[in-house]
Amino acid sequence: MINDYIRDNKCSESIKRLLALLPPDLLEAVEKVLTYSKPNPPTLKLLAETALDLKIKTGKNPLDEKFHELASSSGIKDAVDKLRELRFEKITSINTDLKKQISGLGLKNINIKFDTNLEESFIELSSRIYSPEDLNAVKEELASLIEGKGLDKIFKTYNDGK
Amino acid sequence: MIRYSKPTTTVNKGKFIRPCPCSPGRLRCSYYTISPAVGCPFDCSYCFLNFYEENRDIKIYSNSDDMFKELHSFMASRKDLPTRLGTGEFMDSLALKELDEINSKLAQMTDKYPNLIIEFKTKSTRIDAFLERPANRNIVLSWSLNPQSVIDSDEARTSSLKERIDCAKKAGTHGYGVALHLDPIFMEDSLLEEYLSLVDQTLSTVPLKNIRWISMGGFRYTEELKLSMLERTGLKRTRLTAEFIKCSDGKYRYPRYQRVKFYNAIGSRIKSYADINTYMCMEGPDIWRHIHFDDKKVLALLHT
């Protein structure tokens, strides 16, 4: 089944290599996901690498019945997000703090979602934002540091809610 | 497992000398690499050479005369500028006896060019040839250091930490410059004490006045390297399950707060021995501005 998925979705070499690394129990679980969901290749990749990392870390298969229940009821993307929160416990906790901090500024429509490409910025922000002015100051600084990559996501919502 | 066979020779049709590639958006240290060969007999789990299939064999460039010609014209272009040049980017500088003669000739270049500092970076103990010739501080013998527990788990077939430190002591005592590279640093909380102890062990042994610089670099990897590590070493690579963040240059690193914590702890310990030039490899201004062991002298060195 996984080979059909790889062929039909023209998966990249790195996805093929990643899937080849999966131990039998994880591969079986990923194939089970494909029976009730149609993840696109980036989502499948995130699922496979997160599951593999957790398996190496804990020795247990994280794609258990609970995972399948969530994935089939709420969708595979949400289930993968939950899985990544387990994989990145410390970072998730920092993100949660940051969200609280920003919501405490009294701004509306701020929505920060778990995104590995923005994690560095989040962690940096969490220690420096205490007011709406701080948020603007940090915006400029970060934009110059990382050439604005992905920052629009955060600051567009900030400006919209201003 | 021995993956490497006897070195073969090939012609280098490209350049021998290049600016150290560093990484986009990171502070460069004005370092240049010179490559008389490519490939390494050691088997470090994290080495980027591992994912270049063609680099799993060691190739020595047969046209070393071209390399020296290029070196002369490069130094002419540098005029009097201090120039740091090293052979350890795509190979271990000293591990191969086949390179002893070339290494000796490269070292002699410091007589001709007083502004040239040439570095031979290694994880080996092969310094006998150097100990038989006159030394100067612009010939820098350097060692990559990691705690013995990391050497045991991740640096197969290399010399022990104690052997490396003993060699660094011999090199310094003989009059060579010595450099130390704490790279990659595995920034797991349980290892911090081992890194501090490594600093103590090293700096209480090696003559401090001969240490030209110390670099630090947190473990970082590309997606490609991670796959390669898992493929080569199986699914026991628990170091890869720490929390890493994808940075703007595409490499995964430990979170910024963790890097700052390690760099400051290790850097401060180094500075407690002497005012040794200490810098970070492949880190950007976002990290540098949180570093409190830094001094202006280091930044001056970096921007030379």
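So the values come out like this:
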read-out: From the options A:72, A:121, A:126, residue that is at pLDDT 70 or above and among the hydroxyl-bearing types (Ser, Thr, Tyr); value: A:72
read-out: Hits in the range B:276-286 (condition: more than 20 Å from the chain's Cα centre (by Cα) and among the acidic types (Asp, Glu)); value: B:286
read-out: Evaluation of residue A:6 against (1) under 16 Å from residue A:77 (Cβ atoms); (2) part of a helix (DSSP H, G or I); (3) away from every other protein chain (no Cβ under 14 Å); (4) among the hydrophobic types (A, V, I, L, M, F, W, C) (one fails), failing number; value: (1)
read-out: Number of the condition not met by residue B:280 [criteria: (1) more than 30 Å from residue A:48 (Cβ to Cβ); (2) without any contact (Cβ under 8 Å) to a residue 24 or more places away in the chain; (3) buried (at least 20 other Cβ atoms within 10 Å of the Cβ)]; value: (2)
read-out: Set B:250, B:234: member being over 23 Å from the mean Cα position of the chain (by Cα), more than 7 Å from chain A (Cβ to nearest Cβ) and more than 16 Å from residue B:187 (Cβ to Cβ); value: B:234
read-out: Selected residue [within 30 Å of residue B:285 (Cα to Cα) and either touching a helix residue (DSSP H, G or I) at 6+ places or on another chain (Cβ under 6 Å) or in a loop (DSSP other than H, G, I, E, B) (or both)] from B:85, B:49; value: B:49
read-out: Single residue of the range B:253-267 satisfying the filter (outside any helix (DSSP H, G or I) and of a type outside the set (D, E, K, R)) that is farthest from the other protein chains (Cβ to nearest Cβ); value: B:254
read-out: Test set (1) in a loop (DSSP other than H, G, I, E, B); (2) within 13 Å of chain A (Cβ to nearest Cβ); (3) closer than 18 Å to residue B:145 by Cβ; (4) in contact with an Asp or Glu (Cβ under 9 Å, 6 or more places away or on another chain) - residue B:187 fails condition number; value: (4)
read-out: Those residues of the range A:48-63 which are more than 10 Å from every other protein chain (Cβ to nearest Cβ) and under 16 Å from residue B:226 (Cβ atoms), in sequence order; value: A:48, A:50, A:51
read-out: Selected residue [modelled with pLDDT under 95 and either away from chain A (no Cβ under 13 Å) or under 16 Å from residue B:144 (Cβ atoms) (or both)] from B:179, B:168, B:156; value: B:156
read-out: Matching entry among B:276, B:291, B:270 (being over 30 Å from residue A:59 (Cα atoms) and not in a loop (DSSP other than H, G, I, E, B)); value: B:270
read-out: Within the range B:90-166, helices (runs of 4 or more DSSP H) holding 1 or more residues that are surrounded by 19 or more Cβ atoms within 10 Å (Cβ to Cβ) and among the acidic types (Asp, Glu); value: B:148-154
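Per-residue answers, yes or no, for (1) closer than 18 Å to residue B:28 by Cα; (2) buried (at least 17 other Cβ atoms within 10 Å of the Cβ); (3) modelled with pLDDT under 90:
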{"site": "B:230", "(1), (2), (3)": "no, yes, yes"}
{"site": "B:248", "(1), (2), (3)": "yes, yes, yes"}
{"site": "B:266", "(1), (2), (3)": "no, yes, no"}
{"site": "B:284", "(1), (2), (3)": "yes, yes, yes"}
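The values are calculated or read from the model by the stated rules, or taken from the named source; none is laboratory data. Remember, predicted model here, so these are calculated numbers, not experimental data. Every residue, glycine among them, receives a Cβ derived from its backbone with ideal geometry; neighbour counts consider all protein chains shown.
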